[in-house]
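To start, the structure itself, in structure tokens.
Only the coordinates and a few stated rules stand behind these numbers; no lab work does. Note that the structure is predicted; figures quoted are calculated from it, not measured. Note that we place each Cβ from the backbone using ideal geometry, even for glycine, and neighbour counts take in every protein chain shown.
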Amino acid sequence: MIGHYRELLLLYRWRILLGMLTAGIAAFALSLLILQKSPAYKATVVMNMQPSEEALSFNREFLGRSQFNPATIIAQTHVERLLSRPIAEATLAKLDADMGAPAQADPGAVSNFKLWLWKTWTRLNYGEYRPLSAERTALNALTESLEVDVVEGSYILRLTVTQEDPDLAARIANVHAESYIEIASSEFQNETSRAAALVRERIAEREAELQALFTQRDDLRSQYDISDLRRQSELLMLTLRETELQLNDNKLQKRIQEARLDEIVGTTGNRDRGPARTIQEELDSLNQQITFRTEQIVELSERLSALSSREAAFDNLASDLEAVQADLTSLREQLLTFELGEQVRANQVQIVAPAAVPVYPSSPKVFVNTVMALIAGGLFVFLIAVLQDIFGARIRTTNDLINVAGNRALPHADAILAGTGRGAFGLRRFGRARRMKRFTEVFGQRMSVEQAWASGQILVTGYVDQEELVKVRNFLGEVVKRSVAWGYNDQPLRITAAGPIYAVKDWDALPQGAVVVVMRPNEQDDVDVATLLTVGHDIPRKPLFMLWD
């Protein structure tokens, strides 16, 4: 298959070369014309985008588990806004106000050609062309000249402007970037101011709620005559514990005194005199203290129980106070952030590198266009040749000949193999020895299979003139001399140019011998070969076929 397309390429080499030269010259001339009349200059301004944490958080929550990156979505939003109509209008207004500088250069040849194409297109589709106003035309031209891309893996935006005037391209790029930053900054400040006002309203509401809760707490304290519930509860608990300790101490002293009294009474037998009377008086005093402290403990326990029921109301109130105070603290932090944004003019987009005036035009590139046209022209012609080969019936290569004649097809004998002239692209008989050996082997095999050597004669005919048939005869004579299959035969072999095939009236009238039919590539159809697969009636012969050029 590779050999088939190699032969096809050699067959159409001059057409391919002509196509390459035609396309290359046309591209070279057109590129030079555009370079002189309407070159395109590109100026690029580099900007840095810094999305806020709030925007990133919102996009993460909005996208959920989506495959898209929140930063990428924010960057694409900036891209679309940079290409939007309001930004373009602001840019045009600035350019017009800049010392009366025009917002658009005079249209060149390419611009006029595009306008003509657009007019023709609209007339063909809508029946008429409606001209736009100068402002609308300038706005469309500005929008079409803009190009924005994002540097992958970064927050860098590149705004590129294409114009025929390099100074105008750089000026538009810088002014457009400044216009977008100003509008984005203004919108950001307005949104920040509105958000700050809303936060201030919520702070006022929370402060009112907090004041109401403080008032409610003071009312409860006044109602229960409690200044500090926790302090009072701690004092009651401390008093209760001290009273219980004193009660236990009194009970212990009472037991000790009762034991002493029993001992003295047992010794003296008298309870109303002396030490016994003194101990009895101490026991009476201890009993009074125990009774008092028991009553005091009961009273303190009741007061603590009542205080616990009041504490639940204070706890609920304290929870509400804590929630409102936390919300108020968060709102004040948000307000501080918004106020800082208003004062600092926080910008999400900043210019990193302003556009410089380009020195060379970005297009057309004469050399690149010419080389690409040369390649495209050659490929186009070769593609046409391939399509003709696929859908056509012409015999162009050895493979085509084999498809029709089978094993009676000989290799292609071109000028290099025949040694009759210069080869393709000036190659002088390059590889002739190797190819001659291959042709000789195949020719000998074909002649042996057809048992044609025994006839002692080869008749050369075909779809070429007599002069070419003589050249083929001489070539085959050289092949026969090299052939091993004939080299051991003592009989002489005669090779005769029998004339063009159209001159052969009766195949049976020709002398006995093998027949070789010669044809040029791309001149005969497969039907022409199929009709010659067997010639003659009385003496049928099966010719060999070869391509000759």
FRET efficiency (Thr268, Ser222; Cβ distance; R0 51 Å; to 0.05) is 0.20
Karplus ³J(HN,Hα) for region 133-148 (6.51 cos²θ - 1.76 cosθ + 1.60, θ = phi - 60°; Hz, whole; x = Gly/Pro) runs 5, 4, 5, 5, 5, 5, 5, 5, 5, 5, 4, 5, 7, 8, 8, 10
So, with points 7 Å from each Cα along the Cβ direction, the Leu198-Ile297 label distance in nm works out to 6.3
So Ile375 and Ser133, fully extended at 0.36 nm per residue minus their Cα-Cα distance, gain in nm 82.8 nm
From the cross-link list Lys94/Lys365; Lys94/Lys114; Lys114/Lys365, the entries with a Cα-Cα span beyond 23 Å are Lys94/Lys365; Lys94/Lys114
Extension length gain for Asp538 and Leu124 (0.36 nm per residue less Cα distance), in nm, is 142.0 nm
In nm, the gap between the two label points placed 7 Å beyond Cα toward Cβ at Phe214 and Ile156 is 5.6
As straight-line cross-link partners of Lys505, the qualifying aspartates and glutamates (C-alpha separation under 17 Å, not fewer than 8 residues apart within one chain) are Asp465, Asp528, Asp538
To the nearest 0.05, the calculated FRET efficiency linking Glu281 and Gln334 through their beta-carbon distance, R0 being 51 Å, is 0.10
Any lysines whose Cα falls less than 25 Å from that of Lys481, other than same-chain ones fewer than 8 residues away, would be Lys437, Lys471, Lys542
Put in order of increasing Cβ neighbours within 10 Å, starting from the fewest, His4, His176, His412, His537 give His537, His4, His412, His176
On the formula 1/(1 + (r/R0)^6), with r taken between the Cβ atoms of Asn112 and Gln466 and R0 of 45 Å, the FRET efficiency rounded to 0.05 is 0.15
